[in-house]
1. Find the Cα radius of gyration of the stretch 1-55, compare it with 2.2 N^0.38 Å by division, and give the number to two decimals.
2. Between Rg and the Kirkwood Rh of the stretch 77-160, both from Cα atoms, what is the Rg to Rh ratio?
3. What is the distance in Å between the Cα centres of the stretch 121-150 and the stretch 1-80?
4. Carbon and sulfur together cover what percent of the accessible area of the stretch 1-107 at a 1.4 Å probe radius?
5. Quick one: which residues, 5 or more positions from residue 181 or on another chain, have an amide H under 5 Å from its amide H? H modelled 1.01 Å from N in the peptide plane, none for Pro or chain starts.
6. Please compute the per residue accessible area over the stretch 52-150 with all protein chains in place, 1.4 Å probe, rounded to a whole number of Å².
7. Taking a 27 Å limit on the Cα-Cα distance, which of the listed pairs 99/160; 76/157; 76/311; 163/325; 273/327 fall beyond it?
8. Of 65, 313, which has the most accessible area and how do the rest follow, probe 1.4 Å?
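The values are calculated or read from the model by the stated rules, or taken from the named source; none is laboratory data. As the structure is a prediction and not an experimental result, all values here were calculated from the model. In this analysis, Cβ positions are derived from the backbone assuming ideal geometry, glycine residues included, and neighbour counts consider all displayed protein chains. The accessibility values were calculated without ligands, DNA or RNA, using every heavy atom of the protein model including side chains. Shrake-Rupley method; radii C 1.70, N 1.55, O 1.52, S 1.80 Å.
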Amino acid sequence: MGFRQSTLDRAMFFYYKDERLILALGAHVDDLLGTGEPGAADEIMDQIRNTFDFGAWADSRTDEVLEYGGRQIRQKPDGSIWLNQEKFIKATNVTPIPKWRSSTPNAPLLASELTELRSVGGCLHWVVGQTRPDLAAGTSLHMSGQPTVDSLMQLNKLLKEAKASEDWALQFRPIDLERARIIVYSDASFANSEGLRRRFGSCWWLGKPDGLEKPQDKETVQVDTGRRLYVREIFAEALVFGYVPSQSGRLPADFMPMAAATDCRSLYDLLTKDGSLSTTQEKRLAIDLGGLKETAAEFDEQMEQLAEVYKWVDTHHQLADLLTKQKPTRLQRSILDDGRIALKSIDPKESHELKDDRECNLG
């Protein structure tokens, strides 16, 4: 039919007309999910429908809810896409823990309780990976290490929280992808779980760039966790006709430029200040820093303005902090519901005066 198969994700297919993207299809086993330009894409979708035998066919323009892989997808009048797992969460059950067991939170689990913990944890892991990043930190923390009665109690609390907000959805707002900018916050916790394990979390956003100095004009949609290069390359493969990742050369610097934020001041200084990377005694870290600088060369070939690519953010405004440390889940849902982040340059010396607001201040 003339589709081009993605080289990065072999389950994705793109259809072009006059070198312009008309339709994108995703496949999972024998299910298809597509989005495209009304009219032009409809002609291709009709061909697909007539070629293959589909048990069910749904269209967001005529059906209120689309079902795909256990997820519910809704398209709102403003064009935004809402994604959740309301039905799955509603069908889960919370098994009460007897008082005689809850009174001994540090006791090891019985065989039946261990089975229950794996069941609850499995349910939470599934929704965390698909639609509920607000539950990620707690699920990870209480599913690691030697499980105790308290572990099961905490997971039950998270499941109750999920059920209390079962209709909450990730919202993907329409933006101009050809003018979009990638913004990522990354955070790591040090030895905050059993065995001195550490955790890493990253929060990815896609937004129009003209709002950088005008917070009230900045619109963003959340991009699930992943790697920046993959995100940029797969969008390039879809939007730039004939582009093949790893074969077509470097993308233009103005194609989805990136700003990456960390609250680790020493890391930021090593990345952005002039001087040899050998100033750090940890050679493995020096190699990682060199790789980060090479990545920035995609946007700053001479690597003379690394502070425009890598940003320092004070811990108070570190959005990814919610993915590595257990905090009230409503905080992340509130940020995602708002759908906006405001980037504002400040003097790092003034960071101690910042108050608890929605603006994410970058140095």
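1. Numbers: Rg = 11.0 Å, N = 55, 2.2 N^0.38 = 10.1 Å.
The value comes to 1.09.
2. Details: Rg = 14.6 Å, Rh = 13.7 Å.
My calculation puts Rg/Rh at 1.06.
3. 32 Å
4. The nonpolar share, carbon plus sulfur, comes to 51 percent.
5. Here the answer is 207, 208, since their amide H atoms fall under 5 Å of that of residue 181.
6. In whole numbers, the stretch 52-150 has 56 Å² accessible per residue.
7. 76/157; 76/311; 273/327, as the Cα separations exceed 27 Å there.
8. My answer, sorted largest first, is 65, 313.
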